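Worksheet for the structure shown next.
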Amino acid sequence: MYRSNLSLLLIASTGTALAHHGVDAHFDTSTDIRFEAVVTDIRVINPHSYVYFSQLNDAGELVEGRCELFERRFLVRNGLTGETLPPGTPVRITGNPARREANVCHAEQIELADGRSFGNRGQVSDDSDYVPGEALMAAVVGSAEVSSRVIAESSREAVEREPVEIPTEGMFGTWVAFTGMLPDGLPPGVDASELKSSMRSLGGQMMGMGCLMAGMGGQMNADAAQMPMPRFMGTRYQVDYTEAGQAFADTYDPAFDSPDISCQASVLHGMQHHALVNEFVPVGDDRLRWVYGYMDMVRTIHMDQSEHPEDIEPSVLGHSIGYWDGPTLVVHTRGFRSFELFRGVINSDALQVVERVAHDPETDRLIVSFTALDPKFWRAPLQGEIKLARTDQPFTPYGCIELAGANNLRPDERTIFD
């Protein structure tokens, strides 16, 4: 039994807590926590939604808390909005406690007094037996003032971009990657057999089974990095670090250094993560624009330049120049700052990326084959392929607002990339 006056219960985990992507760094998934509370606000946003609440402590005083839910599109898809949990709604929330903040959790279940319960993706069921405690309801009058600190917001460049006509055939248009988390499963027009075939290397062997990676000059490198088997949640890449690269990578802590916390994404990860809609279009005669559905990153490919400027300001997306090799677009990018290129793969400012972008008219697929080279941090190049399917859905701004609070920040609020 939990103490109703405290409205909190710690339960030793028996394996029922689900291990979600990125959760372990911020929440203790080996333990469950329970809050009996009254909702003060709900923010249905990206990359994580939050429900704010008031609860009673041992002294009978109201204290504030919050619990993290999934991103906006999953909650809206399942019907969980601010109208579902208006201020003043009594709830019982079960989840995993935050590692660095009190009265904060990653929600697994939100139970209501009307018999409904919601999962952290907004999925609803009718299995709640929650009865609000009289002491809590007597203590709460109206909605409390909610304080939600904004750690980072995504740039408005994607929202304010120059409007152009969106092609519906050929290389340009709107695209979604085959990997990622989708409310309805696979991307539009993609079946399970095609997803399985996309998990193979260009040579037909399963990725991670000793396939060779091409170097930046196109020559095969027998010592190049190997890619493990892709998952529907996204390919996991590994590199063999140099001594300097390993020393820097050892300082990386996803709890504080993950680009998600700063509402950013890398030049390759951004186009595929969560399988959101990308907009890839020509803008005028001298540049191409790729707007990433994840984190609203806007990338410019300069088609009128044969060399990179000498005074490139290092950035997450770098400086890209492109040219046509027949029907294939070749893009060379440099001028990066140190960042996380893929989950757990740290690059230095010496990173260079070559992409070959091809359109398959028979399947109407966009294939982005890439080779990444970082001689400062990696002993060998990294190569892979990102396959995208055309969609008739328009690009929709992700609108990242990070509200994770002190649980996601070092005391000095710095990351290793600052």
*Please work out which residue is least open to solvent (accessible area, probe 1.4 Å), limiting yourself to segment 1-47 and to residues that are among the hydroxyl-bearing types (Ser, Thr, Tyr) and at pLDDT 50 or above.*
40
*Pick out, from segment 16-126, the strands (runs of 3 or more DSSP E) lying fully within it that include 2 or more residues that are within 21 Å of residue 401 (Cα to Cα).*
31-43, 49-56, 62-69, 104-112
*Looking at 356, 337, 365, 390, which one is out of contact with any Cys (no Cβ under 8 Å at 6 or more places or on another chain), within 29 Å of residue 415 (Cα to Cα) and among the basic types (Lys, Arg)?*
337
*Quick one: which of 343, 356 is out of contact with any helix residue (DSSP H, G or I) (no Cβ under 8 Å at 6 or more places or on another chain) and either open to solvent by 10 Å² or more (accessible area, probe 1.4 Å) or without any contact (Cβ under 8 Å) to a residue 12 or more places away in the chain (or both)?*
356
_Is it the case, given these coordinates, that residue 385 is part of a strand (DSSP E or B), open to solvent by 20 Å² or more (accessible area, probe 1.4 Å), under 25 Å from residue 302 (Cβ atoms) and not hydrophobic (A, V, I, L, M, F, W, C)?_
yes
_Matching residues in segment 71-95 - criterion: being under 20 Å from the mean Cα position of the chain (by Cα) and open to solvent by less than 30 Å² (accessible area, probe 1.4 Å)_ = 71, 74, 75
*Please go through segment 368-382 and pick out each residue that is open to solvent by 20 Å² or more (accessible area, probe 1.4 Å) and either among the hydroxyl-bearing types (Ser, Thr, Tyr) or at pLDDT below 95 (or both).*
369
*Go through segment 324-346 and count every residue that is touching a strand residue (DSSP E or B) at 6+ places or on another chain (Cβ under 8 Å) and at positive phi.*
1
_in a loop (DSSP other than H, G, I, E, B) and modelled with pLDDT of 95 or more: is that true of residue 401 in this structure?_
no
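Residue by residue, here is whether (1) on the phi > 0 side of the Ramachandran plot; (2) assigned to a loop (DSSP other than H, G, I, E, B); (3) touching a helix residue (DSSP H, G or I) at 6+ places or on another chain (Cβ under 6 Å); (4) surrounded by 15 or more Cβ atoms within 10 Å (Cβ to Cβ) holds:
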position: 239; (1), (2), (3), (4): no, yes, no, yes
position: 267; (1), (2), (3), (4): no, yes, no, yes
position: 274; (1), (2), (3), (4): yes, no, no, yes
position: 285; (1), (2), (3), (4): no, yes, no, no
position: 307; (1), (2), (3), (4): no, yes, no, no
position: 313; (1), (2), (3), (4): no, yes, no, no
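The values are calculated or read from the model by the stated rules, or taken from the named source; none is laboratory data. Quick caveat, the model's predicted, so the values are computed rather than measured. All Cβ positions, glycine included, derive from the backbone under ideal geometry; neighbour counts span all protein chains shown. Ligands, DNA and RNA are stripped out before the accessible areas are found, and what is left, the full protein with its side chains, is counted by its heavy atoms. Shrake-Rupley method; radii C 1.70, N 1.55, O 1.52, S 1.80 Å.
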